[in-house]
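Heads up: the structure comes next, in structure tokens.
The values are calculated or read from the model by the stated rules, or taken from the named source; none is laboratory data. No experiment lies behind these values; they were computed from the predicted model shown. Reconstructed Cβ throughout: ideal geometry from the backbone, glycine too, with neighbour counts over all protein chains shown.
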């Protein structure tokens with residue numbers, strides 16, 4: 001009976017924490033993240049000097065800053081990945097409560113840094129974008145509610161999770177930040193689908209999302225301007241998308257060479273939103289293919305482990321996290337090649353930005369913690385023992 005409940009994989013009694021972590025964590029995902037961080041540092045060397053020159057700062061000011069945040073991001077990822085699912089759940093719920101309160105107060109205490117959207121909290125020596133940290137915590141909180149709703153006589157988890165997500169999206173739209181809103185809805189939609197929702201409900205929610213986009217187009221000049229530019233048959237060669245498209249075309253298969261690219265001098269966001277254009281111009285399509293492959297490894301490795309997990313909270317939280325990570329990467333690269341409307345969104349672990357790097361370290365750390373191999377964690381163990 002004990003074997004049926006707890007599985008057949010033996011636990012290593014008295015094993016050191018680091019040894020157990022190294023044996024159970026997904027090393028492919030860690031390796032992929034470290035390679036993405038290395039690519040980000042390489043591209044920061046290319047894209048940051050022009051930005052420093054425009055702001056009259058030392059040539060490597062932004063590179064050094066990026067290197068510090070990248071190191072902190074990896075440290076956060078490794079530290080969080082050593083926690084157990086119960087700790088991840090507690091941290092996620094507490095973090096979401098704090099993040100939601102910050103979003104609620106942001107219209108009063110926040111700043112826009114002249115960009116027209118109140119998304120940042122200025123701390124004097126640095127600034128924080130709360131929405132970046134809300135995303136992973138929201139995925140964990142929504143998964144907790146959805147999983148609780150599956151228990152016998154449990155709370156209405158689906159309804160509660162939907163309310164939490166819609167309240168968060170409402171605060172993001174007020175900023176406005178439609179990109180983060182899409183990520184949150186996509187991540188929750190993936191969890192809702194995995195939780196066993198009917199296709200009719202999912203189609204209804206998709207129709208509601210489309211209707212929300214139409215309303216935003218009608219009443220938000222900022223949103224409508226980006227959609228109109230995306231749908232226009234003509235591309236202004238002197239726009240950000242025009243420069244990015246030209247840079248990608250010029251790069252060809254192997255690129256123009258290290259330091260030979262020009263797009264970093266033309267685009268103000270070459271170090272963040274359009275860093276993939278810098279990669280394509282200087283290192284060619286092969287570098288872009290490497291970056292895409294690394295994201296694919298992270299996504300597929302996580303999904304592979306989650307399909308064998310029998311704890312509903314772990315399955316749902318992991319699904320939400322990996323959906324947000326992969327969607328953010330796809331949106332960033334899709335905008336650069338004009339497959340999607342322009343949207344300010346960083347490329348995970350590659351673009352510069354302190355809040356983005358730290359939040360992504362937290363997000364992948366949570367994913368690694370949830371997908372660690374556990375003696376009682378896989379559905380296959382229970383199925384195998386029952387079949388004996």
Q: Kindly indicate whether residue 218 is part of a helix (DSSP H, G or I), over 30 Å from residue 148 (Cβ atoms) and at pLDDT 90 or above.
A: no
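Would you be able to say whether some residue in segment 182-193 is over 15 Å from residue 317 (Cα atoms), in contact with a strand residue (DSSP E or B) (Cβ under 7 Å, 6 or more places away or on another chain), modelled with pLDDT of 85 or more and buried (at least 17 other Cβ atoms within 10 Å of the Cβ)?
No - not one qualifying residue is present in segment 182-193.
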Q: Could you pull out the residue among 65, 83 that is modelled with pLDDT of 90 or more, surrounded by 13 or more Cβ atoms within 10 Å (Cβ to Cβ) and not in a helix (DSSP H, G or I)?
A: 83
Q) Quick one: would you say residue 118 is surrounded by fewer than 22 Cβ atoms within 10 Å (Cβ to Cβ) and without any contact (Cβ under 8 Å) to a residue 60 or more places away in the chain? A) yes
Q. Any residue at all in segment 148-159 that is more than 29 Å from residue 307 (Cβ to Cβ), at pLDDT 80 or above and surrounded by 19 or more Cβ atoms within 10 Å (Cβ to Cβ)?
A. no
Q | Restricting segment 112-138 to residues that are touching a helix residue (DSSP H, G or I) at 6+ places or on another chain (Cβ under 7 Å) and assigned to a strand (DSSP E or B), the residue that is modelled with the highest pLDDT | A | 128
Q: Return yes when residue 230 is assigned to a helix (DSSP H, G or I), modelled with pLDDT under 80 and surrounded by 15 or more Cβ atoms within 10 Å (Cβ to Cβ) and no when it is not.
A: yes
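Residue under question is residue 247, and the condition is that it be more than 26 Å from residue 279 (Cα to Cα) and either at pLDDT 75 or above or surrounded by fewer than 11 Cβ atoms within 10 Å (Cβ to Cβ) (or both); does it hold?
The answer is no for residue 247.
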